[in-house]
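Trainee: One structure, pasted below without further comment.
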Amino acid sequence: MTTAHLIFDTTEDKIATRVKKMRSSAVRDLFAAATRADVISLSGGMPDVSLLPKSSIELAVRAACNDDRAVALQYGGTDGRKETRQVFCDMMRDIGIRVKPEQILITSGAQEALDLLAKAFIDPDDIILAEGPTYLGALQAFSAYEPDIRCIPFDEDGMRMDLLEQELQKIGKNNPRLKFLYTIPNFQNPGGVTLSHERRQRLIELAHEYGFMVVEDDPYGRLRYDGGHMVPLKAMDDQVIYLGTISKVFAPGLRTGWIAAPADVFKRVNLVKQGTDLCGSSFDQVVVEHYFTDTPWQKTLQKFVETYRVRRDAMLSALEEYFPPEASWTHPEGGFFVWVTLPDYFDTGQLLNEALEAGVTFVPGDSFYPAASGGKSSMRINFSYESPENIREAIRRLADVIQDRMELYRAFIAAGALSSGDERVTE
Ligand SMILES: Cc1ncc(COP(=O)(O)O)c(C=O)c1O
């Protein structure tokens, strides 16, 4: 009888260097804790799919199972079904972007689009610009290709163009290492802020002056609760690479998004997608097509907007009521998130353990910076998923935890154990 024989003890020395540098997403890690019955989750970025009418889902899925099943169950073209691409062209026309179906490539959510762009354009040490903080899924996608990601801070009007210009002056014009600037202009994740019209215009000017591509990621644009529509960057300049997704306006479980890109970008991205998955899910595309063609999806979207507006308001008023005056936060006009900043001595990564004990989760701010290079005293909190009552309760619990920490800090200071402002309270 032969005994089982291990060829190697560990795969550690076989792992690619770039993978060793990867960090797991804090949001993914928090997923298990966030589903505990006693915990109110402010950590995810999930739409409330319970708001979707059952009749609309049934209609769309039935079509994929019956009349359209021959295509829905089959491989499709790498760029996606023409009919689905037409649906996305129509959706973009509503917001002022004019593209043809041939300029659209269907992806497995906007997340795959980020990975495909990174795979097609980033060599090690290439420079990528982004808001700081930025979407952590983008950081994960880009980091796999080992770029130098430089973060540009934002204020309530979005990315600071003066600071972007300073960074560009350091990089220089037409630097071949500078590949693209990644931005989420509407209700940014995690910041909740929106890029003003003037800054959008300035960004396009700078892209031409310094020679870089602009990637506009727009999952939240249609979820506006106050204020007027902003012209997308892609509507200002056809060279912009626009990323769309149905995840926040329909269902993220149907992994469907798209890239609208100039022909030369489209060609490269299509090529790398062939090696990734041959083609996206035909079934999902057919369901999406029917949902946006045959159901009252605009009415459902309105329901999403009205529900999220109430939840956003519940969060902002609870912050006003419970959080200490030393804290500051953004005031989003749409989307899913508020970005909170506490005094410098806070470490929100540590605070999360206490918050979990108190039955509330959030995402620590350093998750939204490359190599945790910032955001230590900040946090992202989400208002799209929980009821207004739960949101109020979660903010109250969080405020208690913050208050306890502040008292502890003050006691340390009074005892002379720390010098004010330059150390973090640790245990
Ligand atoms: C800014 C941003 N981009 C992309 C994505 C990924 O979306 P999708 O579900 O389409 O992959 C998200 C998801 O939360 C996001 O917030």
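Trainee: Can you find a residue in the stretch 55-67 that is of a type in the set (Val, Ile, Thr) and assigned by TED's automatic domain parsing to the domain that holds Ile152? Before you say what the answer is, go through the steps one by one.
Mentor: Taking the stretch 55-67 and keeping what is of a type in the set (Val, Ile, Thr), we get 57, 61.
Those still in the list that are assigned by TED's automatic domain parsing to the domain that holds Ile152 too: none.
Taking every residue of the stretch 55-67 in turn, none turns out to be of a type in the set (Val, Ile, Thr) and assigned by TED's automatic domain parsing to the domain that holds Ile152.
Trainee: Mind checking which residues of the stretch 288-316 are in a helix (DSSP H, G or I) and polar (S, T, N, Q)?
Mentor: Of all residues in the stretch 288-316, those in a helix (DSSP H, G or I) come to 288-294, 297-316.
Once the filter is applied, which keeps residues that are in a helix (DSSP H, G or I) and polar (S, T, N, Q), the stretch 288-316 yields Thr293, Gln298, Thr300, Gln302, Thr307.
Trainee: In the stretch 322-337, which residues are more than 19 Å from Pro133 (Cα to Cα) and either within 16 Å of the ligand (Cβ to nearest atom) or free of Cβ contacts under 8 Å to residues at least 24 places away in the same chain (or both)? Write out each step before concluding.
Mentor: Taking the stretch 322-337 first, the residues more than 19 Å from Pro133 (Cα to Cα) are 322-326.
Answer for the stretch 322-337, where residues must be more than 19 Å from Pro133 (Cα to Cα) and either within 16 Å of the ligand (Cβ to nearest atom) or free of Cβ contacts under 8 Å to residues at least 24 places away in the same chain (or both): just Pro325.
Trainee: Which of the residues spanning the stretch 280-300 are of a type in the set (A, V, I, L, M, F, W, C) and more than 16 Å from the ligand (Cβ to nearest atom)? Walk me through how you get there before you give the answer.
Mentor: Going through the stretch 280-300, the residues of a type in the set (A, V, I, L, M, F, W, C) turn out to be 283, 286-288, 292, 297.
The answer is Phe283, Val286, Trp297.
Trainee: Hey, could you check the stretch 241-260 for residues that are among the hydrophobic types (A, V, I, L, M, F, W, C) and near the ligand (Cβ under 10 Å from one of its atoms) and say which is surrounded by the most Cβ atoms within 10 Å (Cβ to Cβ)?
Mentor: Restricting attention to the stretch 241-260, the residues satisfying the condition of being among the hydrophobic types (A, V, I, L, M, F, W, C) are 241, 243, 246, 249-251, 254, 258-260.
Cutting the leftovers down to near the ligand (Cβ under 10 Å from one of its atoms) gives us 243, 246, 251, 254, 258.
On the way: Leu243: 26, Ile246: 26, Ala251: 19, Leu254: 20, Trp258: 29.
In this case the residue turns out to be Trp258.
Trainee: Please pick out the residue among Glu209, Glu289, Glu216 that is among the acidic types (Asp, Glu) and out of contact with any Ser or Thr (no Cβ under 9 Å at 6 or more places or on another chain).
Mentor: Details: Glu289 fails: out of contact with any Ser or Thr (no Cβ under 9 Å at 6 or more places or on another chain); Glu216 fails: out of contact with any Ser or Thr (no Cβ under 9 Å at 6 or more places or on another chain).
Sole residue among the options that is among the acidic types (Asp, Glu) and out of contact with any Ser or Thr (no Cβ under 9 Å at 6 or more places or on another chain): Glu209.
Trainee: While we're looking at this one, here's another question. Condition check: in contact (Cβ under 8 Å) with a residue 40 or more places away in the chain and of a type outside the set (A, V, I, L, M, F, W, C). Does Arg160 satisfy that?
Mentor: On the way: in contact (Cβ under 8 Å) with a residue 40 or more places away in the chain: no; of a type outside the set (A, V, I, L, M, F, W, C): yes.
Here the answer is no, as Arg160 does not meet what is asked.
Trainee: Mind telling me which of the residues Val340, Val305 ends up being surrounded by fewer than 20 Cβ atoms within 10 Å (Cβ to Cβ), more than 16 Å from the ligand (Cβ to nearest atom) and not acidic (Asp, Glu)?
Mentor: On the way: Val340 fails: surrounded by fewer than 20 Cβ atoms within 10 Å (Cβ to Cβ).
One residue alone meets the criteria, Val305.
Trainee: List pairs: first residue in the stretch 392-407 and assigned by TED's automatic domain parsing to the domain that holds Val363, second residue part of a helix (DSSP H, G or I) and aromatic (Phe, Trp, Tyr) anywhere in the structure, Cβ distance under 7 angstrom, at least six positions apart or on different chains.
Mentor: Within 7 Å, the pairs are Ile395/Tyr322; Arg396/Tyr322; Ala399/Tyr322.
Residue-wise test of (1) aromatic (Phe, Trp, Tyr); (2) crowded, with 22+ Cβ neighbours inside 10 Å; (3) over 18 Å from Gly244 (Cα atoms).
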| residue | (1), (2), (3) |
| --- | --- |
| Leu114 | no, yes, no |
| Cys151 | no, yes, yes |
| Lys173 | no, no, yes |
| Leu181 | no, yes, no |
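Trainee: State yes or no: is Val99 modelled with pLDDT of 95 or more, within 23 Å of His290 (Cβ to Cβ) and not assigned by TED's automatic domain parsing to the domain that holds Thr276? Before you say what the answer is, go through the steps one by one.
Mentor: On the way: modelled with pLDDT of 95 or more: yes; within 23 Å of His290 (Cβ to Cβ): yes; not assigned by TED's automatic domain parsing to the domain that holds Thr276: no.
So Val99 does not fit the description; no.
The values are calculated or read from the model by the stated rules, or taken from the named source; none is laboratory data. Predicted model, so just to flag it, every value in this text is computed and none were measured. Every residue, glycine among them, receives a Cβ derived from its backbone with ideal geometry; neighbour counts consider all protein chains shown.
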